[in-house]
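Colleague: Below you'll find the structure I mean.
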Amino acid sequence: MSEIAVIADEDTVAGFRLAGVSRVLVHSDPARTEGFIREILTMDVGVVVITDAVAAQIRSFLDRLRREKGRVKPIFVEIPDKGGPLEFDDGLQKMIRRVVGTDVALEAR
């Protein structure tokens with residue numbers, strides 16, 4: 001079974017550790033974070049949870065990984081950190097727009 005890894009600020013990492021996630025990195029600099037991700041690519045990690053603030057600092061690296069042909073795992077899920085989202089339009093919404101070709105919205109009934 002694939003594992004989950006988390007890359008985030010200290011408080012977010014602490015929360016995920018309490019939930020039982022053991023593969024974690026408290027982000028301190030982009031080079032160290034990219035090295036941690038390269039290490040994760042050699043393991044059975046299925047999901048990498050990363051805060052949007054950290055992802056913004058290594059955006060070009062993440063974009064290169066996402067463009068690699070044949071790469072299915074891990075999936076990178078960007079979440080807001082304790083300060084809230086960086087922008088309204090989140091990464092999942094952008095991915096849906098790219099795949100489907102338009103925005104997808106649910107209406108409240």
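The values are calculated or read from the model by the stated rules, or taken from the named source; none is laboratory data. All values derive from a computational prediction rather than experimental measurement. When we count neighbours, we look across all protein chains shown, and the Cβ atoms used for this are built from the backbone with ideal geometry, even at glycine. Side chains included, ligands, DNA and RNA excluded: accessible areas come from the protein's heavy atoms. Shrake-Rupley method; radii C 1.70, N 1.55, O 1.52, S 1.80 Å.
Colleague: So how many residues does the stretch 10-25 have that are surrounded by fewer than 16 Cβ atoms within 10 Å (Cβ to Cβ) and closer than 12 Å to Thr51 by Cβ?
Modeller: Counting residues in the stretch 10-25 that are surrounded by fewer than 16 Cβ atoms within 10 Å (Cβ to Cβ) and closer than 12 Å to Thr51 by Cβ gives 3.
Colleague: I'd like to verify a number: residues in the stretch 61-85 that are open to solvent by 80 Å² or more (accessible area, probe 1.4 Å), free of Cβ contacts under 8 Å to residues at least 24 places away in the same chain and outside any loop (DSSP other than H, G, I, E, B), how many?
Modeller: 3
Colleague: Residues in the stretch 28-39: is at least one modelled with pLDDT of 95 or more, surrounded by 19 or more Cβ atoms within 10 Å (Cβ to Cβ) and not in a loop (DSSP other than H, G, I, E, B)?
Modeller: Yes, the stretch 28-39 has at least one match.
Colleague: Next up: For Val54, are the conditions met, namely being of a type in the set (Val, Ile, Thr) and surrounded by fewer than 18 Cβ atoms within 10 Å (Cβ to Cβ)? Let's see the steps before the verdict.
Modeller: Numbers: of a type in the set (Val, Ile, Thr): yes; surrounded by fewer than 18 Cβ atoms within 10 Å (Cβ to Cβ): no.
No; evaluated as a whole, the condition is false for this residue.
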